[in-house]
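Trainee: This is the structure I have questions about; it appears just below.
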Amino acid sequence: MAKFEYTVTKEDEGVPVKGLLRTKFSFSSRLLTKLKYQHLVFLNGEEVAGWITPQIGDILSIKLPEEKSDFPAEDIPIYPVFEDDDLLILNKQPGVIVHPTKGHPLHTIANGLMKYMQDTGQTFKIRFVNRLDMDTTGLLIVAKNSHSQDDLTKQMKANTIEKRYIAIVNGIVKEDAFTIDLPIGRPDPENVARGVMLEGGYPSVTHVKVLESFPKGKGYTMVELLLETGRTHQIRVHMSHIGYPLVGDYLYGGEAPWLLDRQALHAYKLSFNHPVTGKRLTVEAPLPNDIQEVIKKIKS
């Protein structure tokens, strides 16, 4: 369980515990309330009330609440890339939904995480910081406590989390690098497909960089994509709109069953500030085997 500590200094003289909690830690008001009522604030190892005024050199420590999810555990593989007391970053496989829904209450990453916790002797509430489509592979962040989730959500809103993807698209992309700045919306509420909507769409920005071109047949291009916003199907919609739909993306015009039966999209790199240490953390996940096979086919 995550733990936070602060040593009282001369500048803190006269400031009660509740004042230090507000100013020395970036906890949400909801979490501060939980800390108070669950008696999770300590001074020199002893429970302490918020009105108490510490002395110079005293150590104020906080334990975060223990919480847990109650999804049914299933034997769905979980592939950790990074893990500590506050975060689990995993490399998601294709064909698996991230979170249970009414239509898909089982066989999700969340169900696999319940089994993973049993196997590793852990207990935490599953909080997904980012989401990936069922058939998109790559890095998925799970916050193990509410503070980590709150902090990373703030970073998402401030656009300080760097999310990079690799995709194989149909056609030869002529520009080496460019930006797509087109709003995305849902034209038909009854249809899952999104589209570029100049009126009523939400601001959406995707930065595109060509990594390699494959002229065989009609031609293909491997691109790196940096998201500035995170709309549903953003990469798929943007690339299809400019004439380069993703290989295997039947929803947006990139069908290629002989190459791949899913969209060739992989979330390969994440960079953000760790919610507890504040240090910049960068993690990467290698291209999955099926996309590597696509590259071999279009190269030969």
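Where a number appears in this text, it was derived from the coordinates with a stated rule and is not lab data. Everything numeric in this text was worked out from a predicted model, so none of it was measured. Virtual Cβ from ideal backbone geometry, glycine too; neighbours counted across all protein chains shown.
Trainee: For the peptides 263-272, 202-211, 218-227, what is the packing order when you average, over each peptide's residues, the other Cβ atoms within 10 Å and list the highest mean first?
Mentor: Details: 263-272: 23.2, 202-211: 17.3, 218-227: 19.0.
Descending mean neighbour count gives 263-272, 218-227, 202-211.
Trainee: Out of TYR252, VAL173, SER204, whose Cα points farthest toward the positive end of the dipole of segment 145-260 (charges: +1 Lys, Arg; -1 Asp, Glu; placed on Cβ)?
Mentor: The one lying farthest along the dipole's positive direction is VAL173.
Trainee: Another question about this same structure. Cut-off is 10 Å between beta-carbons; in what order do ARG194, ARG186 appear when sorted fewest neighbours first? Walk me through the numbers before you get to the answer.
Mentor: Values: ARG194 24, ARG186 18.
Neighbour counts put them in this order, fewest first: ARG186, ARG194.
Trainee: Could you order peptides 44-54, 244-254 by the average number of other Cβ atoms within 10 Å of their residues, highest first? Display every interim value, and only then the final one.
Mentor: Details: 44-54: 12.7, 244-254: 21.5.
Result, highest mean first: 244-254, 44-54.
Trainee: Let me know the Kirkwood hydrodynamic radius for segment 1-73, please, with Cα pairs as the basis and the value in Å to one decimal.
Mentor: Values: mean 1/r = 0.0774 Å⁻¹.
Result for segment 1-73, one decimal place: 12.9 Å.
Trainee: Only Cα pairs within less than 10 Å get springs; with that Gaussian network setup on the chain, which residue of GLU199, GLU83, GLU67 has the largest fluctuation?
Mentor: Of GLU199, GLU83, GLU67, the Gaussian network model singles out GLU199 as fluctuating most.
Trainee: Let me know the shape class of segment 148-254, please: from the alpha-carbon gyration tensor, a ≥ b ≥ c as square roots of the eigenvalues, rounded when a/c is under 1.5, otherwise prolate if a/b is greater than b/c, or oblate.
Mentor: Numbers: a/c = 2.12, a/b = 1.33, b/c = 1.59.
In terms of gyration-tensor shape, oblate.
Trainee: May I ask you to derive the relative contact order of the chain, considering only C-alpha pairs under 8 Å and at least 6 residues apart, and to give it as an integer percent? Before the final figure, lay out each step's value.
Mentor: Details: 626 pairs, mean separation 42.7, N = 300.
Averaging sequence separation for qualifying contacts and normalising by length gives 14 percent for the chain.
Trainee: Across the Cα atoms of segment 80-299, what radius of gyration and what greatest pairwise Cα-Cα distance (Dmax) are found, in Å?
Mentor: So, for segment 80-299, Rg and Dmax equal 17.7, 52 Å respectively.
Trainee: Calculate for the chain the 222 nm mean residue ellipticity that helices alone would give, adding -39,500 (n - 2.57) per DSSP H run of length 4 or more and normalising by residue count, nearest 500 deg cm²/dmol.
Mentor: Values: 6 runs with 60 residues, N = 300.
Rounded to the nearest 500, the figure is -6000 deg cm²/dmol.
Trainee: Specify the residue with the greatest mean-square fluctuation among ASP290, ASP86, ASP119, computed from a Gaussian network of the chain linking alpha-carbon atoms under 10 Å apart.
Mentor: Answer for the Gaussian network model of the chain: ASP119.
Trainee: If N is the number of residues in segment 1-157, what value comes out of its Cα radius of gyration divided by 2.2 N^0.38 Å? Numbers along the way, then the final one.
Mentor: Details: Rg = 18.7 Å, N = 157, 2.2 N^0.38 = 15.0 Å.
Taking the Cα Rg and dividing by 2.2 N^0.38 Å, one obtains 1.24.
Trainee: Could you compute the net charge surrounding ASN44? Neighbours are other residues with a C-beta less than 12 Å from the C-beta of ASN44; K and R count +1, D and E count -1.
Mentor: -4
Trainee: Given +1 on the Cβ of Lys and Arg, -1 on the Cβ of Asp and Glu, and no further charges, what dipole in debye does segment 80-299 carry about its Cα centre, rounded to the nearest 20?
Mentor: Numbers: 26 positive and 25 negative charges, 14 e Å.
Here segment 80-299 has a charge dipole of around 60 debye.
Trainee: Once you list every other residue whose beta carbon is under 12 Å from the beta carbon of GLY95, what net charge do they have if Lys and Arg are +1 and Asp and Glu are -1?
Mentor: Working: positive: LYS92, ARG262; negative: ASP133, ASP135, ASP261, ASP290.
Surrounding charge for GLY95 is -2.
Trainee: Just to confirm a number: summing +1 for Lys and Arg and -1 for Asp and Glu over residues other than SER26 whose beta-carbon lies under 12 angstrom from that of SER26, what do you get?
Mentor: Working: positive: ARG22, LYS24, LYS154; negative: ASP150, ASP151.
Value of the local net charge: +1.
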